[in-house]
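S.K.: Can you keep this structure in mind? I'll have questions shortly.
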Amino acid sequence: MGLDLKKVRENYEKKTSEKGSFDRWKPTAGGNPIRVIPHTLKYFTEPVSEIAFTYFMHYSIGPEGSKSSVVCPKSFNRKNVCPICEAVALLQKTGDPNDASLAADMGMRRRYIMNIIDLKSAETVAKGIQPYECGPTVYNDTIKWINEKWGDPLDLEKGRNFTVTMTVPASGNKKRTEYSVEPDPQPSSIMDSLPQNWKEQVKKLETLMPKVVPYDTIKKMLEGEVDYGTAGEENGEEAPHVGTAKEAVKVTAQATAQMTPATAQVQGGAGTGPVPAAPGGKPKCYGQLYSTKSEKCIACGVNDPCKAEFLKE
């Protein structure tokens, strides 16, 4: 059966106050110094073209006030069908201004989730690598600095810190919040701030990716027949992360592609020269830090076994 637009409208107008949350880093008003950490360990072993995982979300699903959210099935395969996209298309055709407004609220929005370290204080650094979910403004304002002049900001040994500035309007309308991103003028190492289990924390990000749920489940959620959970209110760039359902299907990461030569050249470690040795003849960084672009790794005599140790589960 097709979508019941009457149910969609009625469900949207219901008032509820249930809220949920997703444990992720959020910027606060003013400047927020961070270091972006690679979103996948593939960064260290093969060329990648992204600094985050990408997907599409639908917000304002279900009763007004709950602001339920769900990942769009088209995120990872545009041939997939999505009942919310279907409802949006139908609402846009009615000619009713209220339906047009509802369609705009429910429309597909691109989201990104990346790894960061909060550099604001020793206490925030001690929290280790945290997931940061953002929209196109922050993401595009970050990747524009990845070029021949600024190099690779994700490099652990000679990358760059960023400052994410969050400006909330005097009106208090959070949907009008503005964001900007600026890199530090000088490259720096983040090695001393990495937690001991940093590789495990990097890999954890993929498990936090939103999950695709079946078409019928989304349709029932849209019509108010099933409670999928809520995740707070969308405020400008800071929109809620989708909840996890038992029937969720794990999604795959975006395909990777070749980075620019200038970026790839600076992706690995710091300079050439002898690698400090640890007891047993292995360098101190053995199995802990590896990159196919690092001149130190290329010149190292235990390159291959180090790579295997680095990638070991």
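The values are calculated or read from the model by the stated rules, or taken from the named source; none is laboratory data. All values derive from a computational prediction rather than experimental measurement. Virtual Cβ from ideal backbone geometry, glycine too; neighbours counted across all protein chains shown.
S.K.: Which one of these does Ser180 not meet: (1) crowded, with 16+ Cβ neighbours inside 10 Å; (2) of a type in the set (Gly, Ala, Ser); (3) within 21 Å of the chain's Cα centre (by Cα)?
M.R.: (1)
S.K.: Now a separate question. Restricting to the stretch 69-99, name every residue that is within 20 Å of Met221 (Cα to Cα) and among the hydrophobic types (A, V, I, L, M, F, W, C).
M.R.: Val70, Val71, Cys72, Val81, Cys82, Ile84, Cys85, Ala87, Val88, Ala89, Leu90, Leu91
S.K.: Under the condition of being part of a helix (DSSP H, G or I) and loosely packed, with under 13 Cβ neighbours inside 10 Å, which residue from the stretch 259-304 is modelled with the lowest pLDDT?
M.R.: Pro261
S.K.: Residue pairs, Cβ under 8 Å, 6 or more apart or interchain, first in the stretch 189-214 and farther than 23 Å from Phe162 by Cα, second polar (S, T, N, Q) and assigned to a helix (DSSP H, G or I). List them.
M.R.: Close Cβ pairs (under 8 Å, with a partner that is polar (S, T, N, Q) and assigned to a helix (DSSP H, G or I)) amount to Pro210/Ser75; Val212/Ser75.
S.K.: Checking the condition farther than 22 Å from Leu208 by Cβ and at pLDDT 95 or above, which residue from Glu86, Glu123, Glu64 passes?
M.R.: Glu123
S.K.: Please verify whether Glu200 is among the acidic types (Asp, Glu), at pLDDT below 95 and crowded, with 18+ Cβ neighbours inside 10 Å, treating the condition exactly as stated.
M.R.: Against the criterion (among the acidic types (Asp, Glu), at pLDDT below 95 and crowded, with 18+ Cβ neighbours inside 10 Å), Glu200 does not qualify.
S.K.: Filtering the stretch 133-160 down to residues that are part of a strand (DSSP E or B) and not acidic (Asp, Glu), which residue is surrounded by the fewest Cβ atoms within 10 Å (Cβ to Cβ)?
M.R.: This residue is Gly159.
S.K.: For Gln196, are the conditions met, namely being under 30 Å from Gly287 (Cβ atoms) and not in a helix (DSSP H, G or I)?
M.R.: When the stated conditions are applied, Gln196 passes them.
S.K.: Does Thr177 satisfy being more than 20 Å from Lys120 (Cβ to Cβ), among the β-branched types (Val, Ile, Thr) and at pLDDT below 95?
M.R.: No.
S.K.: Looking at the stretch 97-124, I want the residues that are within 25 Å of Thr165 (Cα to Cα) and have a partner that is of a type in the set (Lys, Arg) and surrounded by fewer than 21 Cβ atoms within 10 Å (Cβ to Cβ) with Cβ atoms under 7 Å, at least 6 apart or on another chain. Which pairs are those?
M.R.: Close Cβ pairs (under 7 Å, with a partner that is of a type in the set (Lys, Arg) and surrounded by fewer than 21 Cβ atoms within 10 Å (Cβ to Cβ)) amount to Asp118/Lys127.
S.K.: One residue is enough: does the stretch 32-46 have a residue meeting the conditions of a type in the set (A, V, I, L, M, F, W, C), modelled with pLDDT of 90 or more and either in contact with a His (Cβ under 9 Å, 6 or more places away or on another chain) or in a helix (DSSP H, G or I) (or both)?
M.R.: yes
S.K.: Another question, then. Out of Val88, Val125, report the one residue that is in the same structural domain as Ile218 (by TED's automatic domain parsing) and farther than 30 Å from Lys307 by Cα.
M.R.: On inspection, the qualifying residue turns out to be Val88.
S.K.: Do we find that Asp105 is modelled with pLDDT of 95 or more, out of contact with any Leu (no Cβ under 9 Å at 6 or more places or on another chain) and of a type in the set (Asp, Glu) in this structure?
M.R.: Here the answer is no, as Asp105 does not meet what is asked.
S.K.: Would you call Glu200 under 22 Å from the mean Cα position of the chain (by Cα) and more than 17 Å from Asn32 (Cα to Cα)?
M.R.: Considered against the rule, which asks whether it is under 22 Å from the mean Cα position of the chain (by Cα) and more than 17 Å from Asn32 (Cα to Cα), Glu200 comes out as yes.
S.K.: Given the criteria within 15 Å of Arg35 (Cβ to Cβ) and of a type in the set (A, V, I, L, M, F, W, C), does Ile146 qualify?
M.R.: So Ile146 passes the test.
S.K.: May I pose another question? Which one is farthest from Tyr43 (Cα to Cα) among residues in the stretch 93-132 that are in contact with a helix residue (DSSP H, G or I) (Cβ under 7 Å, 6 or more places away or on another chain) and assigned to a strand (DSSP E or B)?
M.R.: Within the stretch 93-132, the match that is farthest from Tyr43 (Cα to Cα) is Arg110.
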